[in-house]
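The values are calculated or read from the model by the stated rules, or taken from the named source; none is laboratory data. Nothing here was measured: the structure is a model prediction, and the numbers come from that model. So basically every Cβ, Gly included, is an ideal-geometry build from the backbone, and we count neighbours across all protein chains shown.
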Amino acid sequence: MNLPTLQDPSRYTGLYVIDFSDHCGVGFTAEEVAEVLDSEKFRNAKVYKIRNAFPDGRMELIGVRREIFELETGMFFYAEDSEKAEEDFKRLVDLAVRHAPPARAKVHLTQFSDDRFVTAMIFPAEFNEEFSQWLLDGNYQTCGAVEGGIEACQRYYRLDPRILRRHQLWNSPAIESMTGSLLLEATNRAIVR
């Protein structure tokens, strides 16, 4: 893969590189990658996340499985009773009000048939690291057990818990994602933004 020379490489940290086999494009958002991978034209494309970019232009890349852009993951905060679960739910929503999350997410306060309670935060799987860091930066704390991941999310849906409350979290993206013909045209460029 032949990467272009970037001006101010640090601004690309957290964005994506798509290797189209005959060329690559640097600077895609997660939303743009998901749309590109949805196209049959790019079925053989490979995706890398820019974990770090250095002043000399070098980049630390991490390969990302294309399936990640089709899946949801989540974090599940278990509580021993409804009162503690309600507190977890409120703290999570309050955190999102104070500091916008890295991507859209849904938060559920739920009860399982065996009277277990959980506050579930479900979001696109490609933002797993960002949500973990967001919770750490926001000093989010809970009293009970915590579970996370794609499998935990799938199990949550299979168990079909009763949703007592729900809330949608919205992010305020630093970069507006391209769609449609603008995005298609960007796939021909080595530097997307």
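Could you tell me which numbered condition L182 fails, if it satisfies all but one of (1) free of Cβ contacts under 8 Å to residues at least 24 places away in the same chain; (2) farther than 30 Å from F20 by Cβ; (3) aliphatic (A, V, I, L, M)?
Just one mismatch for L182, condition (2).
Determine whether F131 is part of a strand (DSSP E or B), out of contact with any Asp or Glu (no Cβ under 6 Å at 6 or more places or on another chain), buried (at least 19 other Cβ atoms within 10 Å of the Cβ) and at pLDDT 95 or above. Show your work before the answer.
Values: part of a strand (DSSP E or B): no; out of contact with any Asp or Glu (no Cβ under 6 Å at 6 or more places or on another chain): yes; buried (at least 19 other Cβ atoms within 10 Å of the Cβ): yes; at pLDDT 95 or above: yes.
Here the answer is no, as F131 does not meet what is asked.
Report, by residue number, each residue of segment 16-36 that is over 12 Å from V64 (Cα atoms), buried (at least 17 other Cβ atoms within 10 Å of the Cβ) and either among the aliphatic types (A, V, I, L, M) or without any contact (Cβ under 8 Å) to a residue 60 or more places away in the chain (or both). Don't jump to the end; show me each part of the working.
Applying the first criterion (over 12 Å from V64 (Cα atoms)) to segment 16-36 yields 20-29, 31-32, 35-36.
Subset that is buried (at least 17 other Cβ atoms within 10 Å of the Cβ): 24-29, 31-32, 35-36.
Those that are over 12 Å from V64 (Cα atoms), buried (at least 17 other Cβ atoms within 10 Å of the Cβ) and either among the aliphatic types (A, V, I, L, M) or without any contact (Cβ under 8 Å) to a residue 60 or more places away in the chain (or both): V26, V36.
When segment 94-122 is examined, which residues are found to be out of contact with any Pro (no Cβ under 7 Å at 6 or more places or on another chain) and surrounded by fewer than 16 Cβ atoms within 10 Å (Cβ to Cβ)?
Matches in segment 94-122: D94, V97, R98, H99, A100, R104, K106, S113, D114, D115.
Which one is modelled with the lowest pLDDT among residues in segment 32-75 that are out of contact with any helix residue (DSSP H, G or I) (no Cβ under 6 Å at 6 or more places or on another chain) and among the hydroxyl-bearing types (S, T, Y)?
Residue satisfying both the conditions and the ranking: S39.
Considering only residues that are outside any helix (DSSP H, G or I) and within 12 Å of the chain's Cα centre (by Cα), which ones fall in segment 107-128? Quick ask: steps written out before the conclusion?
First pass over segment 107-128, keeping only residues outside any helix (DSSP H, G or I): 107-124.
Once the filter is applied, which keeps residues that are outside any helix (DSSP H, G or I) and within 12 Å of the chain's Cα centre (by Cα), segment 107-128 yields M121, I122, F123, P124.
Could you tell me whether segment 110-120 includes any residue that is in contact with a helix residue (DSSP H, G or I) (Cβ under 8 Å, 6 or more places away or on another chain) and of a type in the set (A, V, I, L, M)?
Taking every residue of segment 110-120 in turn, at least one turns out to be in contact with a helix residue (DSSP H, G or I) (Cβ under 8 Å, 6 or more places away or on another chain) and of a type in the set (A, V, I, L, M).
Please enumerate the residues belonging to segment 163-181 that are modelled with pLDDT under 95 and either exposed (fewer than 14 other Cβ atoms within 10 Å of the Cβ) or acidic (D, E) (or both).
W170, S172, A174, E176, T179, G180, S181
Hey, can you tell me all the residues within segment 141-182 that are more than 20 Å from the chain's Cα centre (by Cα) and more than 23 Å from V97 (Cβ to Cβ)?
Within segment 141-182, the first condition is being more than 20 Å from the chain's Cα centre (by Cα), and the residues that meet it are 141-145, 158-165, 180-182.
A145, R158, L159, D160, P161, R162, G180, S181, L182, listed by residue number.
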